[in-house]
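These notes concern the structure reproduced below.
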Amino acid sequence: QVILVACSPIKTPASDQYKLEAFNTKKLSAKKTALSILISQPEAVAGYQTEQMLYVQKPYEVTAFVHNTWISSPANMLYPLIIQSIQKTGYFYAVASGPYVEKADYRLDTQLIALQQNFLLKPSVIELVVKVVLTHITDNRVVSSRIINKRLNCPMDTPYGGVIAANRATLAFTADLSKFIVDEVSHDNQRTS
C-alpha cells in the first residue's frame with residue numbers, strides 16, 4: 001500500500017510560528033501637544049499579505065519557508081508596534097486607531113512593501129521596506145511621505161536568524177517612523193500657525 005502524501009490537498013501546519021514585537025519606546029517630547037493622530041491599519045503590497053515567512057535565494061524569486069510562519073501577516077503585526085511607538089513619543093494628546101474615530105488632526109497611512117530574508121548576501125539580511133504617508137485630516141493635505149528601508153544582517157542563516165533580524169528591523173523602523181512623524185507634525189504646525 002502506497003500513500004502519496006506530497007499530492008495530498010491537506011496542508012500540514014507550520015511547526016514554528018513567530019511574531020514581530022520589537023518597537024521603539026523612546027520619548028521624543030518633554031510635554032504633550034494638543035494634537036491627535038489616527039493610525040490606520042497598515043496595508044501590504046501583493047505577495048506580502050500572508051503569514052508565510054518569505055525569502056530570496058535567486059534574483060526576482062520570492063519563496064516561502066515550509067515549516068516556519070508568522071503568527072499573523074507582518075502588516076497586521078506592525079500595527080500595534082506603530083501605535084505603541086507613536087504613543088511612547090509623548091508628543092500627541094491622543095493616538096487613535098480603528099475605523100470609527102470621530103476626529104483627529106493627522107492620519108498616518110503605512111504600506112508594507114517588503115519583508116523578506118535575502119540569502120543572496122552572506123550573511124543573509126532581512127529587508128523591511130515600508131511606505132509612510134502623513135496627512136493633515138481637515139484639509140486632506142499630504143504633509144509628507146517617505147519610504148523607510150531597513151536592511152539588517154541576520155545572526156544566523158536560518159529562518160530563526162531572520163526572525164531575530166526582523167525584530168531588530170521593526171525596532172529601527174519604529175524609531176525612524178516616530179522621529180519622522182514628530183518632526184513633520186512639528187514643522188507643519190509651525191508653518192500653519
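Where a number appears in this text, it was derived from the coordinates with a stated rule and is not lab data. Bear in mind the structure is a predicted one, so any value in this text is a computation, not a measurement. Using ideal geometry, Cβ is built from the backbone for each residue, glycine included, and neighbour counts are taken over all protein chains shown.
A Gaussian network model of the chain, with springs between Cα atoms under 10 Å, assigns the largest mean-square fluctuation among LYS32, LYS88, LYS150 to LYS32. For the options GLN116, GLN87, GLN57, a Gaussian network treatment of the chain with springs between C-alpha atoms closer than 10 Å singles out GLN57 as fluctuating the most.
Computed over the chain with a Gaussian network model linking Cα atoms closer than 10 Å, the most mobile of THR158, THR174, THR50 is THR158.
With K and R counted +1 and D and E -1, the other residues having a Cβ less than 12 Å from that of LYS26 yield a net charge of +2.
Working note: Karplus 6.51/-1.76/1.60 with θ = phi - 60° gives segment 183-191 the couplings 4, 5, 5, 4, 5, 4, 5, 5, 5 Hz, where Gly and Pro are set to x. Note on the chain: helix-only mean residue ellipticity at 222 nm, from DSSP H runs of 4+ residues weighted -39500 (n - 2.57) and normalised by residue number, equals -9000 deg cm²/dmol.
Stretching the chain fully between LYS179 and VAL101 yields a gain of 25.7 nm (0.36 nm per residue, less the alpha carbon separation).
Here the extension length gained between ARG141 and HIS67 equals 22.2 nm, from 0.36 nm per residue of separation less the Cα-Cα distance.
Under a straight-distance cross-link criterion of Cα-Cα below 15 Å, which aspartates and glutamates are reachable from LYS27, leaving out those fewer than 8 residues away in the same chain? Counting by Cα, and skipping residues close in sequence, LYS27 has these aspartates and glutamates nearby: ASP176, ASP183.
In segment 49-137, which GluC sites (Glu not before Pro) are in a loop and have at most 14 other Cβ atoms within 10 Å, using DSSP for the loop call?
Hits after loop and neighbour filter: GLU102.
Between the amide H of TYR18 and those of THR69, TRP70, ILE71, distances stay under 5 Å, these residues lying 5 or more places away or on another chain, with hydrogens modeled in the peptide plane. Taking 1.306 mPa s as the viscosity and 10 °C as the temperature, the Stokes-Einstein diffusion coefficient of segment 1-152 based on its alpha-carbon Kirkwood radius rounds to 89 µm²/s. The alpha-carbon of LYS122 sits under 17 angstrom from the alpha-carbons of these lysines, leaving out residues fewer than 8 places away in its chain: LYS58, LYS150.
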